[in-house]
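**Q** Sharing a structure, written as structure tokens. Questions coming.
The values are calculated or read from the model by the stated rules, or taken from the named source; none is laboratory data. The structure presented is a predicted model; accordingly, all values stated were derived computationally and were not measured. Note that we place each Cβ from the backbone using ideal geometry, even for glycine, and neighbour counts take in every protein chain shown.
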Amino acid sequence: MDNESTYSGYSYKSSHSRSSRKHRERRDRHRSKSRDGTIRGDKSVIIQAPGEPLLDAESTRGDDRDDNWGETTTVVTGTSVDSISNEDLTRISKDLEDSSPLECRRYLSPALGAILGLISLITPLAFLALPQLLWRETLDPCGTPCEGLYISLAFKLLILLISTWALFLRPPRAALPRFFVFRCLLLALVFLFVASYWLFYGVRVLEPRETDYRGIVGYAASLVDALLFIQYLALVLLEVRHLQPAFCLKVVRTTDGISRFYNVGHLSIQRAAVWVLDQYYSDFPVYNPALLNLPKSILTKKMSAFKVYNLGDENNTNNSTGQSRAMIAAAARRRDNSHNEYYYEEAEVERRVRKRKARLVVAVEEAFTHIKRHQDENAATSSPKHPREVMDPREAAQAIFAPMARAMQKYLRATRQQSYHTMESIINHLQFCITHNMTPKAFLERYLIVGPTLQYLDNSKGRQWTLVSEEPVTASLRQGQVFCLRRLDFSLVVTVTPLPFLRLGEEFIDPKSHKFVMKLQSETSV
Amino acid sequence: MSFVPGQPVTAVVQRIEIQKLRQGNNLILGFSIGGGIDQDPGQNPFSEDKTDKGIYVTRITSGGPADVAGLMMGDKIMQVNGWDMTMVTHDKARKRLTKKNEDVVRLLVTRKSLEEAVKHSMGGYPRP
């Protein structure tokens, strides 16, 4: 059975004795054939030794394959050196996609902005310096007013520098498909501004060798003022405008229907998409393809009831639709019991998961009682007869991992999470918890609760998403728009609704007006 | 038996004359009343309109003067000896019924079955 790839370092099968494995197989075979648990006992699960995980955290092809294929297809043995399993193929293709083809495209826009910013910062200094360098002798001497202007210029430039660093010099977190309209607008504005100032300067000051130095300094100061105002405009357009909420986005994941609602302000579609993806990575539970399928035993029962034969030589196309309609009608009329099986199967699975969870919790609690934090002050008093060896967290983690390993693995298999947690990652997490004095419950939180996608992500490569939209992606959000964010095997569908207009009325209640009476119903006999 | 505020109330009434019975020091009539403008009309089991704050007969002692005279449980008392009972407090109603110097009380009472009977027999309200 080619479930093992050529990189496996530690196979589950080999950790148990032959007798227990045989016993398990025999017990599994006694179960009814309709359950697909028959083969599950034989499947080998790989706990990876140190090395990269077998599959990418976000998109696994783990249990998609038909569970019975080991019996019905010819087996391809994975022992030849040149063979490459299915998982490797998907991993390689995903690697190719995830790395961006041109790394430099990501940095083009910030580089442009940086150059323009630098030029605009040096310009006032250049305006001041050039006359001094070129025609110093003929300049009018300029006393106190100039010095005042120098000081104000210096401080304004400092403020400009600091705020540019604070606001704009950040590594971009997303590569958008189209131009970011506001940013382009602002860059164009700055460029136009600085160019026109240089033009004026060149024509009116450099050519005729203007001698009024105070005027030149005033001119440079006005340029810095204008740059500060442009920066204010940039702040409002890029950072502030979209803070006031105006739309509610409903984000639904297509594969399992998990949905969230978010409030955003006035954004373009691509900016809204980036924002939604930021929230997706920390809000949505991780996509686990193994949890999606109904057991095949339930679904296939419906289809196998009728066989329709083609008698005579009528028109073929007519007959096929008639055929399928007849089959559907017959299937609908038949009493359909598959919901029953689904219900019982669900109950059974849940019971199994709960049982394994109980075993896991007990095993972990017991394991944690084996170690204790070593107090340094008692070093002198510890008797030489019992030299307890002092371990560092890593060794302590490895020491207590052994008793809980089996229970942990069975639980992960029951909840189909085994592809997200390798043995190495479990030991790392254990070490982390021991170092920070966490209780067993805190250690188990990571495995009992399905976490957001961010928890299982390695940050080495960027994520490739495709924005699918019927309108140009630089259009701003409007009511009723729908766009999709697609990845390889699932997508997020985003619907836009505007937030309602709120009419707030006012009502004043006098605190003295809170009075009460008893509800009477008396009966008097006369 | 609902009414429009501000408009005169019309109802089909029955005239009942009750002779008070002397029992020891008291003159009794043999029934109990409930309701009144100071009471909670929602708890009245006999009224059709749960905002009706009129005086209703809630209990009748069997064999008493009221029973003999033909008063029935659930009747709404409209007048007592000419005094209006549709807009009185509970205590005022009690006082009007238990005046010591009166031997006889003449009540005008209304009930649903009266209206039905009139409708059946005449096909509508009798015109004045």
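**Q** Would you confirm whether any residue within the stretch B:57-65 is away from chain A (no Cβ under 14 Å) and of a type in the set (A, V, I, L, M, F, W, C)?
**A** Within the stretch B:57-65, the first condition is being away from chain A (no Cβ under 14 Å), and the residues that meet it are B:63.
Now restrict to residues that are of a type in the set (A, V, I, L, M, F, W, C): none.
No, the conditions are met nowhere in the stretch B:57-65.
**Q** Let me ask something else. On the given criteria, is A:ARG478 among the basic types (Lys, Arg), away from chain B (no Cβ under 14 Å), over 30 Å from A:PHE401 (Cβ atoms) and under 23 Å from the mean Cα position of the chain (by Cα)? Break it down into steps so the answer makes sense when it comes.
**A** Numbers: among the basic types (Lys, Arg): yes; away from chain B (no Cβ under 14 Å): yes; over 30 Å from A:PHE401 (Cβ atoms): yes; under 23 Å from the mean Cα position of the chain (by Cα): no.
Against the criterion (among the basic types (Lys, Arg), away from chain B (no Cβ under 14 Å), over 30 Å from A:PHE401 (Cβ atoms) and under 23 Å from the mean Cα position of the chain (by Cα)), A:ARG478 does not qualify.
**Q** Could you please give the count of residues in the stretch A:413-470 that are among the aromatic types (Phe, Trp, Tyr), part of a helix (DSSP H, G or I) and either surrounded by fewer than 15 Cβ atoms within 10 Å (Cβ to Cβ) or out of contact with any His (no Cβ under 8 Å at 6 or more places or on another chain) (or both)?
**A** Residues flagged as among the aromatic types (Phe, Trp, Tyr), part of a helix (DSSP H, G or I) and either surrounded by fewer than 15 Cβ atoms within 10 Å (Cβ to Cβ) or out of contact with any His (no Cβ under 8 Å at 6 or more places or on another chain) (or both) within the stretch A:413-470 amount to 2.
**Q** Follow-up. In the stretch B:40-81, what residues are under 12 Å from B:VAL109 (Cα atoms) and part of a loop (DSSP other than H, G, I, E, B)?
**A** B:GLY54, B:GLY70, B:LEU71, B:MET72, B:MET73, B:GLY74, B:ASP75, B:ASN81
**Q** Right, another one. Return the residues of the stretch B:12-21 that are more than 20 Å from B:THR86 (Cα to Cα) and either within 12 Å of the chain's Cα centre (by Cα) or within 10 Å of chain A (Cβ to nearest Cβ) (or both); say none if nothing qualifies.
**A** B:LYS20
**Q** In the stretch A:225-254, what residues are of a type in the set (S, T, N, Q) and loosely packed, with under 15 Cβ neighbours inside 10 Å?
**A** Answer for the stretch A:225-254, where residues must be of a type in the set (S, T, N, Q) and loosely packed, with under 15 Cβ neighbours inside 10 Å: A:GLN244, A:THR254.
**Q** A follow-up question, please. Identify all residues within the stretch A:495-526 that are in a strand (DSSP E or B) and within 30 Å of B:ASP91 (Cβ to Cβ); write none if there are none. Break it down stepwise before answering.
**A** Quick first cut of the stretch A:495-526, residues in a strand (DSSP E or B) only: A:495-498, A:523-525.
Of everything in the stretch A:495-526, those that are in a strand (DSSP E or B) and within 30 Å of B:ASP91 (Cβ to Cβ) turn out to be A:GLU523, A:THR524, A:SER525.
**Q** Take B:MET72 and decide whether it is at pLDDT 90 or above, away from chain A (no Cβ under 13 Å) and surrounded by 14 or more Cβ atoms within 10 Å (Cβ to Cβ).
**A** Yes.
**Q** Then there's this: So for the stretch B:45-52 (the condition being within 11 Å of chain A (Cβ to nearest Cβ), at pLDDT below 90 and more than 14 Å from A:VAL526 (Cβ to Cβ)), does at least one residue qualify? Steps first, answer last, please.
**A** First pass over the stretch B:45-52, keeping only residues within 11 Å of chain A (Cβ to nearest Cβ): B:45.
When the remaining residues are screened for being at pLDDT below 90, the result is B:45.
This time we only want the ones that are more than 14 Å from A:VAL526 (Cβ to Cβ), so: B:45.
For the stretch B:45-52, residues within 11 Å of chain A (Cβ to nearest Cβ), at pLDDT below 90 and more than 14 Å from A:VAL526 (Cβ to Cβ): present.
**Q** I'd like the full set of residues that are farther than 24 Å from A:ARG271 by Cβ, among the hydroxyl-bearing types (Ser, Thr, Tyr) and away from chain B (no Cβ under 14 Å), limited to the stretch A:485-526.
**A** To start, the set of residues in the stretch A:485-526 that are farther than 24 Å from A:ARG271 by Cβ comprises A:489, A:502-526.
From the residues that got through so far, the ones that are among the hydroxyl-bearing types (Ser, Thr, Tyr) too are A:513, A:522, A:524-525.
A:SER513 - this is the single residue of the stretch A:485-526 that is farther than 24 Å from A:ARG271 by Cβ, among the hydroxyl-bearing types (Ser, Thr, Tyr) and away from chain B (no Cβ under 14 Å).
**Q** Residue by residue through the stretch A:483-518, note down the ones that are free of Cβ contacts under 8 Å to residues at least 60 places away in the same chain and surrounded by 10 or more Cβ atoms within 10 Å (Cβ to Cβ).
**A** Residues of the stretch A:483-518 free of Cβ contacts under 8 Å to residues at least 60 places away in the same chain: A:484, A:486, A:500-518.
Of everything in the stretch A:483-518, those that are free of Cβ contacts under 8 Å to residues at least 60 places away in the same chain and surrounded by 10 or more Cβ atoms within 10 Å (Cβ to Cβ) turn out to be A:CYS484, A:ARG486.
**Q** For the stretch B:30-39, which positions are in a loop (DSSP other than H, G, I, E, B) and either surrounded by fewer than 16 Cβ atoms within 10 Å (Cβ to Cβ) or more than 7 Å from chain A (Cβ to nearest Cβ) (or both)?
**A** If the condition is that a residue be in a loop (DSSP other than H, G, I, E, B) and either surrounded by fewer than 16 Cβ atoms within 10 Å (Cβ to Cβ) or more than 7 Å from chain A (Cβ to nearest Cβ) (or both), then B:GLY30, B:GLY36, B:ILE37, B:ASP38 are the ones that fit.
**Q** Among the residues of the stretch A:442-466, how many are of a type outside the set (Asp, Glu) and either under 19 Å from A:SER259 (Cβ atoms) or without any contact (Cβ under 8 Å) to a residue 12 or more places away in the chain (or both)?
**A** 10
**Q** Can you say whether A:LEU237 is of a type outside the set (Val, Ile, Thr) and at pLDDT below 90, as far as the supplied structure shows?
**A** So A:LEU237 fits the description; yes.
**Q** What are the residues in the stretch B:75-94 that are more than 14 Å from chain A (Cβ to nearest Cβ) and among the small types (Gly, Ala, Ser), if any?
**A** Of everything in the stretch B:75-94, just one residue is more than 14 Å from chain A (Cβ to nearest Cβ) and among the small types (Gly, Ala, Ser), namely B:GLY82.
**Q** Exactly one of (1) part of a strand (DSSP E or B); (2) under 14 Å from B:VAL105 (Cβ atoms); (3) touching a Phe, Trp or Tyr at 6+ places or on another chain (Cβ under 8 Å) is unmet by B:GLU17. Its number?
**A** Answer for B:GLU17: the failing condition is (3).
**Q** Look at the stretch A:199-234 and say how many of its residues are farther than 20 Å from A:LEU149 by Cα, assigned to a helix (DSSP H, G or I) and in contact with a Ser or Thr (Cβ under 8 Å, 6 or more places away or on another chain). Break it down into steps so the answer makes sense when it comes.
**A** Here is the first cut: in the stretch A:199-234, the ones farther than 20 Å from A:LEU149 by Cα are A:199-200, A:202-204, A:206-209, A:230-234.
If we keep only those that are assigned to a helix (DSSP H, G or I) too, we end up with A:199-200, A:202-204, A:206, A:230-234.
Those still in the list that are in contact with a Ser or Thr (Cβ under 8 Å, 6 or more places away or on another chain) too: A:231.
Looking only at that region, the number is 1.
**Q** Can you tell me which of (1) within 14 Å of another protein chain (Cβ to nearest Cβ); (2) closer than 21 Å to B:LYS100 by Cα is the one B:GLY24 doesn't meet?
**A** Answer for B:GLY24: the failing condition is (1).
**Q** Just a yes or no: is a residue in the stretch A:170-181 over 38 Å from the mean Cα position of the chain (by Cα) and not aliphatic (A, V, I, L, M)?
**A** no
**Q** Another question about this same structure. Would you check if B:VAL109 is more than 10 Å from chain A (Cβ to nearest Cβ), over 29 Å from A:LEU520 (Cα atoms), surrounded by 12 or more Cβ atoms within 10 Å (Cβ to Cβ) and touching a residue at least 60 places away in the same chain (Cβ under 8 Å)?
**A** Answer is no for this residue.
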